[in-house]
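**Q** Please read through the structure below; I'll follow up with questions.
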Amino acid sequence: MDIAEADGRLLDAAESLFYEHGVQAVGMDRIRAASGVSLKRLYQRFPSKEVLVEAYLRRRDERWRGALAAYVAACPSAAARPLAVFDWLEEWFGEPDFRGCAFINAYGELGTGSPAVAEAVRDHKAEVLRYLTGLVRAAGVPEPGPVAEQLAVLADGAITTAAVTGAPGAARRAREAAAVLLEAAGGVTAAESGPVRG
């Protein structure tokens, strides 16, 4: 097994187990068993659990944002793309393995005691905000920064609410609020705000 394959197996196992059960509940031996990689190789590649958690979060960040961007890019209207974010969230919330935001979850468990994990979480949130700012700007909002910040808060609130209540409809409520914000800021109008997917 080469290094790339070992890393992939370890990160796949870490992502599955940490996301489903929480970081604190999953030990390194459980990661080893699920990955099929030896404990020696595990510690060669990830010398501590904190290092593994940070690597898992950074890989998840790339995958999560990539899936979101691909979905939103399918929306033909630049004016409605900020709202497509909430359509994607609703689909994600309906998946059987949805457990909320991996980044908020990890921060809640480790963030105050782990600068590396806290930084990975903050980097993810900053990249999501940067992405939303670009969408809001392209939607024609003259001052996109504050509106993008509001959309980020709505998205995080919807993710947390859906995780706690098990109700994917939190994304629709957040989408409705986002449409009001965007229209008030000079962006999408009610007529342009229909869902991306029928």
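The values are calculated or read from the model by the stated rules, or taken from the named source; none is laboratory data. Because the structure is predicted, anything quoted here is derived from the model rather than measured. Cβ sites come from the backbone with ideal geometry, for glycine too, and all protein chains shown count toward neighbours. Note: accessible area is taken over every heavy atom of the protein model, side chains too, but ligands, DNA and RNA are not part of it. Shrake-Rupley method; radii C 1.70, N 1.55, O 1.52, S 1.80 Å.
**Q** Listed residues Ala116, Ala155, Ala163, Ala126; which is open to solvent by 10 Å² or more (accessible area, probe 1.4 Å), in a helix (DSSP H, G or I) and touching an Asp or Glu at 6+ places or on another chain (Cβ under 7 Å)? Talk me through it step by step, then tell me what you get.
**A** Details: Ala155 fails: touching an Asp or Glu at 6+ places or on another chain (Cβ under 7 Å); Ala163 fails: touching an Asp or Glu at 6+ places or on another chain (Cβ under 7 Å); Ala126 fails: touching an Asp or Glu at 6+ places or on another chain (Cβ under 7 Å).
Answer to the check: Ala116.
**Q** Please determine whether any residue of the range 102-112 is hydrophobic (A, V, I, L, M, F, W, C), in contact (Cβ under 8 Å) with a residue 24 or more places away in the chain, surrounded by fewer than 16 Cβ atoms within 10 Å (Cβ to Cβ) and on the phi < 0 side of the Ramachandran plot.
**A** Looking through the range 102-112, none of the residues is hydrophobic (A, V, I, L, M, F, W, C), in contact (Cβ under 8 Å) with a residue 24 or more places away in the chain, surrounded by fewer than 16 Cβ atoms within 10 Å (Cβ to Cβ) and on the phi < 0 side of the Ramachandran plot.
**Q** Tally time: how many residues in the range 25-78 are surrounded by 19 or more Cβ atoms within 10 Å (Cβ to Cβ) and of a type in the set (Gly, Ala, Ser)?
**A** Number satisfying all stated conditions: 2.
**Q** Of all residues in the range 15-24, count the ones that are among the hydroxyl-bearing types (Ser, Thr, Tyr) and either farther than 24 Å from Asp2 by Cβ or crowded, with 20+ Cβ neighbours inside 10 Å (or both). Break it down into steps so the answer makes sense when it comes.
**A** Start the filter on the range 15-24 by keeping residues that are among the hydroxyl-bearing types (Ser, Thr, Tyr), which leaves 16, 19.
From what is left, the residues that are either farther than 24 Å from Asp2 by Cβ or crowded, with 20+ Cβ neighbours inside 10 Å (or both) are 19.
The total comes to 1.
**Q** Looking only at the range 15-52, which residues are closer than 23 Å to Pro115 by Cβ, free of Cβ contacts under 8 Å to residues at least 40 places away in the same chain and part of a loop (DSSP other than H, G, I, E, B)?
**A** Ala25, Val26, Gly27, Phe46, Pro47, Ser48 - these are the residues of the range 15-52 that are closer than 23 Å to Pro115 by Cβ, free of Cβ contacts under 8 Å to residues at least 40 places away in the same chain and part of a loop (DSSP other than H, G, I, E, B).
**Q** Still on this structure, please answer the following. Residues in the range 4-14 that are free of Cβ contacts under 8 Å to residues at least 40 places away in the same chain and crowded, with 20+ Cβ neighbours inside 10 Å: how many?
**A** 1
**Q** Just to be sure, is Arg99 modelled with pLDDT of 95 or more, open to solvent by 50 Å² or more (accessible area, probe 1.4 Å), closer than 28 Å to Ala25 by Cα and outside any helix (DSSP H, G or I)?
**A** So Arg99 passes the test.
**Q** Checking the condition without any contact (Cβ under 8 Å) to a residue 60 or more places away in the chain, among the basic types (Lys, Arg) and within 14 Å of Val128 (Cα to Cα), which residue from Arg63, Arg59 passes?
**A** Arg63
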